[in-house]
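Report on one structure; see the data block that follows.
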Amino acid sequence: MFHAMGMFIYRHRVATVVVAGLFLLGSLALLLRERPLASAVVHGLESEKADRLVEAVSGRRPDTTFAVLFQSDSLDPRSQPFKDELSQALAPLRLDPRVSRVEAPADVDARLGLERLAVDHKAALAFVTLKGEPQEAFAAYPQVRDELKSRTLSITCTGQIPFFHDLAHTLEKDLARAEWVSLPLALLVLLLVFRTAVAAVLPLGVGGLAVAGGIAIVFGLSNVMDVAQFTINVCSLVGLGVAIDYSLFTVSRYREELAAGRGYPEALACALDRVGWVVASSSLAVVTGLCGLTFFERSYLFAMGVGGAIVVALAALFALTFLPALLAILGPRIHALKLPVPKWRWRDRFWQRIAERVMRRPVMVLVPTLAVLLAIGAPFLRIRLAASNVEVLPKGEEARTGFELLKRAFPDEGETRFTVAVRFPSGPVWTAERIGALYDLSARLAALPGVRKVRSVAYGDPRLSRELYQELLTAPPPAFAPLLEAAKAHASKDGVVLLEAVTQAAPESEEARGVVRAIRAQRAVGDGTLLVGGESAVELDVTDYLVSRAPAAVAFVMLTTFVIVCLLLGSIVLAIKAVVMNSLSIVGSFGAMVFLFQEGHLGLADAHPLEPTLPVLLFCILFGLSMDYELLILNRVKEVWSRTKDNVRAVGEGLEKTAGVVTSAAAIMIAVFLSFGLSQVVIIKAVGVGMGVAVALDATLVRVLLVPATMRLLGRANWWEPRWLHALRVALGLEPKPRSTAPKGRGEVPPTAVTPHA
């Protein structure tokens, strides 16, 4: 199939390049349009439902509300000049149709208004709520923020929307920095590999085309699904790496066929015939891994999986169409602009000698190598997970600066809060029975370990008993009636009553999560039920959500990858080995992440629990990426085995022909991935470093040592192919029909009957 495809592309090389050019122009047009990207959220969680109830009662939606801090060098926040300046700064927002609510200290009752003035810090606190869903609020925030101006007061914004805005801005800068670093490094490696400037530049062109096209499509998808800014960085990271890899495989094999004396058309067709299946299967494995992210529906991971799969598919498509068309147009000019780089002729023989030495003592190599990998992965047993917060931003970003000021000037606002929304069935909320139930709930919250304060209309004054609260709220004295009615109206609406518990524990701490679990342990509140929201509740819900879906995603990725390898290589044993080898390199990567980022070693980042999505994301990406080198090596090993039926020779010669390419490809991938490790955002830094470590382990300890050692120990069992698998591969056109009938046996095709695929 790929041989015919190569000849077709050679004949229509100009048309192929023109189509690719038109695709690039369309991609650039999409990239220049406004990008309605969303924040990284998971929908359908209990904490989100609690936030909707908070919005219904208070008119202030937590995930679209941000805090505005006003501070003066000299003015007292209680003074009239300060109040006038604050009011004037907020005035444009009150008229802005994108703003649903502005809540200054003067807009609330006197007691709460005083709590929002910090005399010692000469600061005041206001809240602004934007209209619409978080994606709409996120898009509107920059222009709304520009309207906040003051001649005498400094203005700082913080909260979820400012956090995601500053995070997106930082990620954009990180992406530009990573590309400026990774592309020159990749070009340097390619120059050393090909020793000609023309051949070296081609893979970068394919990478740029694939990434531009993939990200343009992702921007288009953002109109119908939530696409977080993380998605763009991950798509660029993965797309650039695999596109250069696939192009390197293709160009290397093409030059090898030319060196064997073939003409340019035949060399191109033969190169695609040999590499086409590897690139197609390898990209299918990577796409399969990324499709594991689609198990996390209603989250931003779903779009990340779809976007990543699109970029990888484009990388494979262009490596097998656009790149061969360029090679056909260039012809002998592929050797142009030769560089004075020595050809290391000893390199291929070096890899063959390594393989032969490993196979002479496979057990002595296998055991210590496994021990090293497991030791690197051991820290993974100590993993702790916690969602990212504003502290992942670089110091100096407004959202982080505002949060630090909020904690200093308004410590109560900076503490961890648990919002409890109690929903009662039809009927009045403030009956004696329901007031008693709210009092009991409030008292239970106050008694929980770590809870410092409970804010509830039906609880709080130690002078009042349960019965007195029931009497006071059902039949208030005339002197207190207006105040109490206002408090009840502020805390309840349409059968929903809001309470709040406060703790000094960090939102991501186990103590705070324990409070959420304890509140949820008893749902009934009289004849009503409760929901819990707040930052800690979101942390807990997101982690539980990911953990509950991860087993299905992992099983899907591993099983599908197993099937792909079985079909490509015609060996169940090699498919099992490939899955195990991939798992080992990923475990090593996870251990390194815990050691470097959770425990803070080597100074790459402050010690902090890992983002819950990080292990899931890395597994789904790395499992497919690790298959790149496995398939390249084993496909070449099988070529030799099919010709010689000598397992030792097949492994040695296969490694000799591919180890140099694998090493070069790995060096490029590591350069690309570690350049993303320069990110100022910890999660992207961790993704880049984690993937770089995984590729380094995979290309060295796993492929160079473990693969030949295990294949030597397995011997001819490597090539065991059941009859049903052989028949399936023949039916799918992955293997030509045998010329002779296989001898009868116990349901398998003997090794001597195995033939290479087309």
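The values are calculated or read from the model by the stated rules, or taken from the named source; none is laboratory data. Only a predicted model underlies this, so the values are computations on that prediction, with no experimental measurement involved. Ideal geometry is used to build each Cβ from the backbone, glycine not excepted, and the neighbour counts take in all protein chains shown. Each accessible area value is taken on the protein alone, full model and side chains, heavy atoms only, with ligands, DNA and RNA left out. Shrake-Rupley method; radii C 1.70, N 1.55, O 1.52, S 1.80 Å.
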- When both residues are 6+ apart or on different chains and their Cβ atoms are under 6 Å apart, which pairs have a first residue that lies in the range 123-142 and is more than 17 Å from ALA91 (Cα to Cα), and a second that is modelled with pLDDT under 85 and assigned to a strand (DSSP E or B)? GLN135/ALA38
- Determine if the range 65-77 includes at least one residue that is farther than 29 Å from GLU133 by Cβ and of a type in the set (D, E, K, R). yes
- Message: I need a count of the residues in the range 151-162 that are open to solvent by less than 20 Å² (accessible area, probe 1.4 Å) and assigned to a helix (DSSP H, G or I).
- Response: 2
- Query: For PRO478, are the conditions met, namely being touching a residue at least 12 places away in the same chain (Cβ under 8 Å) and assigned to a loop (DSSP other than H, G, I, E, B)?
  - Reply: no
- Task: Only helices (runs of 4 or more DSSP H) wholly contained in the range 1-120 count here; list those with 1 or more residues that are under 34 Å from the mean Cα position of the chain (by Cα), surrounded by fewer than 19 Cβ atoms within 10 Å (Cβ to Cβ) and among the basic types (Lys, Arg).
- Result: 46-58
- Within the range 390-417, can you find the residues that are within 21 Å of the chain's Cα centre (by Cα) and in a helix (DSSP H, G or I)? VAL390, GLU391, VAL392
- What are the residues in the range 518-532 that are hydrophobic (A, V, I, L, M, F, W, C) and closer than 11 Å to ARG423 by Cα, if any? ALA524, VAL525, LEU530, LEU531
- Odd one out for VAL420 among (1) modelled with pLDDT under 90; (2) farther than 20 Å from LEU114 by Cβ; (3) under 33 Å from the mean Cα position of the chain (by Cα): (1)
- Message: Going residue by residue through the range 434-446, is there one that turns out to be open to solvent by 50 Å² or more (accessible area, probe 1.4 Å), out of contact with any His (no Cβ under 9 Å at 6 or more places or on another chain) and either under 29 Å from GLN598 (Cβ atoms) or in a loop (DSSP other than H, G, I, E, B) (or both)?
- Response: no
- Whichever residue in the range 292-325 is over 16 Å from ALA212 (Cβ atoms) and open to solvent by 40 Å² or more (accessible area, probe 1.4 Å) and, among such residues, is nearest to the chain's Cα centre (by Cα): PHE302
- Note on the structure: Exactly one of ASN647, ASN718 is among the polar types (S, T, N, Q), in contact (Cβ under 8 Å) with a residue 60 or more places away in the chain and open to solvent by 10 Å² or more (accessible area, probe 1.4 Å), and that residue is ASN647
- Note on the structure: Scanning the range 191-234 for residues that are modelled with pLDDT of 80 or more, over 27 Å from GLY305 (Cβ atoms) and part of a helix (DSSP H, G or I), the one most open to solvent (accessible area, probe 1.4 Å) turns out to be VAL201
- Query: Which ones in the range 402-433 are closer than 21 Å to LYS122 by Cα and either surrounded by fewer than 20 Cβ atoms within 10 Å (Cβ to Cβ) or among the aliphatic types (A, V, I, L, M) (or both)?
  - Reply: GLU404, LEU405, LEU406, LYS407, ARG408, ALA409, PRO411, ASP412, GLU413, GLY414, GLU415
- Query: Given (1) buried (at least 19 other Cβ atoms within 10 Å of the Cβ); (2) within 26 Å of the chain's Cα centre (by Cα); (3) modelled with pLDDT of 85 or more, where does PRO142 come up short, assuming only one miss?
  - Reply: (1)
- Item | Odd one out for GLU485, checked against (1) touching a residue at least 24 places away in the same chain (Cβ under 8 Å); (2) closer than 25 Å to LEU438 by Cβ; (3) in a helix (DSSP H, G or I) | (1)
- Item | the range 476-503, subset open to solvent by 70 Å² or more (accessible area, probe 1.4 Å) and in contact with a helix residue (DSSP H, G or I) (Cβ under 9 Å, 6 or more places away or on another chain), residue farthest from ASP440 (Cα to Cα) | PHE480
- Out of curiosity, is ALA605 of a type in the set (Gly, Ala, Ser) and either assigned to a helix (DSSP H, G or I) or open to solvent by less than 10 Å² (accessible area, probe 1.4 Å) (or both)? no
- Query: If you check GLY377 against the conditions, is it within 30 Å of LEU546 (Cα to Cα), in contact with a Gly (Cβ under 8 Å, 6 or more places away or on another chain) and touching a residue at least 40 places away in the same chain (Cβ under 8 Å)?
  - Reply: yes
- Task: Would you check which residues across the range 547-576 are touching a Phe, Trp or Tyr at 6+ places or on another chain (Cβ under 8 Å), crowded, with 20+ Cβ neighbours inside 10 Å and within 30 Å of LEU610 (Cβ to Cβ) and list them?
- Result: ALA553, VAL557, THR561
- Message: For the range 658-686, give me each residue that is surrounded by fewer than 21 Cβ atoms within 10 Å (Cβ to Cβ), within 28 Å of TRP719 (Cα to Cα) and of a type outside the set (S, T, N, Q).
- Response: GLY660
